[in-house]
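The values are calculated or read from the model by the stated rules, or taken from the named source; none is laboratory data. As the structure is a prediction and not an experimental result, all values here were calculated from the model. Methodologically, a virtual Cβ is constructed for each residue, glycine included, from the backbone with ideal geometry; neighbour enumeration extends over all protein chains shown.
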Ligand SMILES: *Cc1c(COP(=O)(O)O)cnc(C)c1O
């Protein structure tokens, strides 16, 4: 029986939480209408704008990442509106479902799981829309289900050229992991969630909104109450909330954003990038194949194919032997891939440990030699050192 309670979370959310943040969570709640709480909201709002590299509003909603995406959709669009949905994984599929649920007319632009969305397809559909009937382009930046990052910068430039359509983007596993300059890329709606790059538990979601999106909100007729963003904007003028927010999660957010500011955006992006390179190259040294197109690897999650090995059994062994939780494949990828989350509060030790755990498991299965196991560590170490 292994020692308990030393779980290492290496899934793409919830992610590990720093001690300081846990302590903030453990404080007594305070009144959400108090001056003390308003001061905290003022601080988190400023730091959220810093993290998003934006002067736009960034609202905090009590709810998971899906709430922020749904809010973006229902606050800016109307029944029957035509939208493009980019779909190359499980989350892309979710946004199609939400759009259809609210009676939007969806034009899908797909790409196979593991491959990125092709920006040229967006360009073509947008250029052909001379009547400006397309009201929004909904897509996922880092597609967590496959470990692919889509070329949001290029796609957004085509959306901007269209001039009418808004971008509504799921940046849940890219914000706080890689560069997402919201203002520079002119993104209209950017959604994210607390249990990912923010290093706090699940329960809060964030939504950055451009002026253009607020103008669209004036015409939107889809039903909404709790997620009506105008109420959040109005309350934010007094650093407040329309309803009772998850007060302790806001304490935690304040702490984690301060930690992020201390580390600095460039350092945060560097760290995620080197961890991505270390893991992806180490698994290749172990004769495993990456699921995602190598030029489009997500900064926060690496999906690994396990040809000839049941990925679910593999994950179970790593959990039992090392207390490291890896993610499995979703839908038709279940049993075929495992996914290593390296998002948020992750350091080099976590990377070396997970590479060793994977090597050890393959060694025990007789799939690799001791020398290969050693080489994988050398490869990982090289990437960790080269860029530090
Ligand atoms: C985690 C995640 C979400 C949000 O999921 P919730 O469970 O609603 O927090 C959305 N998109 C992506 C890409 C994610 O990884």
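State whether one or more residues within the range 37-58 are in a helix (DSSP H, G or I) and within 14 Å of the ligand (Cβ to nearest atom).
No, there is no match, as no residue in the range 37-58 is in a helix (DSSP H, G or I) and within 14 Å of the ligand (Cβ to nearest atom).
Quick one: in the range 139-180, which of the residues that are more than 15 Å from the chain's Cα centre (by Cα) and under 22 Å from residue 205 (Cβ atoms) is nearest to the ligand (Cβ to nearest atom)?
It comes out as 167.
Would you tally the residues in the range 162-209 being in contact (Cβ under 8 Å) with a residue 60 or more places away in the chain and at positive phi?
Qualifying residue count, the range 162-209: 3.
Each row is one residue, and each column tells you yes or no for (1) part of a helix (DSSP H, G or I); (2) in contact with a strand residue (DSSP E or B) (Cβ under 7 Å, 6 or more places away or on another chain); (3) away from the ligand (no atom under 16 Å from the Cβ).
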residue	(1), (2), (3)
199	no, no, no
208	no, yes, no
215	yes, no, yes
220	no, no, yes
224	no, no, yes
233	yes, yes, yes
238	no, no, yes
249	yes, yes, no
253	yes, yes, no
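Regarding residue 305, is this residue over 20 Å from residue 40 (Cβ atoms), modelled with pLDDT of 95 or more and within 19 Å of the chain's Cα centre (by Cα)?
Taking the combined requirement at face value, the residue does not satisfy it.
Can you confirm whether the range 4-20 contains a residue that is under 19 Å from residue 255 (Cβ atoms), part of a loop (DSSP other than H, G, I, E, B) and in contact with a helix residue (DSSP H, G or I) (Cβ under 7 Å, 6 or more places away or on another chain)?
Yes: the range 4-20 contains one or more residues that are under 19 Å from residue 255 (Cβ atoms), part of a loop (DSSP other than H, G, I, E, B) and in contact with a helix residue (DSSP H, G or I) (Cβ under 7 Å, 6 or more places away or on another chain).
Give the residues of the range 288-308 that are within 14 Å of residue 336 (Cα to Cα) and surrounded by 16 or more Cβ atoms within 10 Å (Cβ to Cβ), sorted by residue number.
Selection gives 288, 290, 291, 292, 302, 303, 304, 305, 306.
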